[in-house]
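All remarks here apply to the structure that follows.
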Amino acid sequence: MPHITAEYSANLDADLDPQRLVAALHTAALETGVFPLGGLRTRAVRREVFMVADGDADNAFVAVVARIGAGRDAPTRQRVGEALMAALERETAAAFAKRGLGLTVEVVEIDPVGAMKTNNLHRRMKDKAS
């Protein structure tokens, strides 16, 4: 893990490249050294229906949630959150300079009791590296 989801308001279309944002977040998470490549999944979701602050149609948001496996200490979670926020701020700097824009990052541990997973990605990444 993690599973990183970036939700963004539809009014950012002219100011945000979702694929570039996904790549920046993915890279930032990987560069922390906390997560293996085979466990990393990153995606963006455009939100058509939203209201930000006073409802001004120019106000926008990007909310990033990183759902991670349980057991990492608070300083590690903080470091991950800071790395993701730095990437998010870089990718939205132009929009931030010209409109109301709320940026959030949340790192959340997944409860292992209710989380099932099966994948072959770790093995495939190892094989590709060989």
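The values are calculated or read from the model by the stated rules, or taken from the named source; none is laboratory data. The structure displayed is predicted, hence computed values, not measured ones. Ideal geometry is used to build each Cβ from the backbone, glycine not excepted, and the neighbour counts take in all protein chains shown.
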Checklist outcome for this item: Given (1) under 12 Å from the mean Cα position of the chain (by Cα); (2) free of Cβ contacts under 8 Å to residues at least 40 places away in the same chain, A93 misses just (1)
Item to check | Meets criteria (under 23 Å from T76 (Cβ atoms), out of contact with any Gly (no Cβ under 9 Å at 6 or more places or on another chain) and surrounded by fewer than 18 Cβ atoms within 10 Å (Cβ to Cβ)) for G33 | outcome: yes
Next on the checklist: Taking the conditions exactly as written (surrounded by fewer than 13 Cβ atoms within 10 Å (Cβ to Cβ) and either in contact (Cβ under 8 Å) with a residue 24 or more places away in the chain or under 20 Å from H3 (Cβ atoms) (or both)), does R41 satisfy them or not?
Outcome noted: no
Checklist entry - Does E91 satisfy being acidic (D, E), modelled with pLDDT of 95 or more, within 20 Å of T27 (Cβ to Cβ) and surrounded by fewer than 15 Cβ atoms within 10 Å (Cβ to Cβ)? => result no
Next on the checklist: Let me spell it out: the conditions are (1) touching a helix residue (DSSP H, G or I) at 6+ places or on another chain (Cβ under 7 Å); (2) loosely packed, with under 14 Cβ neighbours inside 10 Å, and A70 meets all of them except one. Which number is the exception?
Outcome noted: (1)
Checklist entry - If a residue has to be β-branched (V, I, T) and assigned to a loop (DSSP other than H, G, I, E, B) to count, how many in the range 108-130 make the cut? => result 2
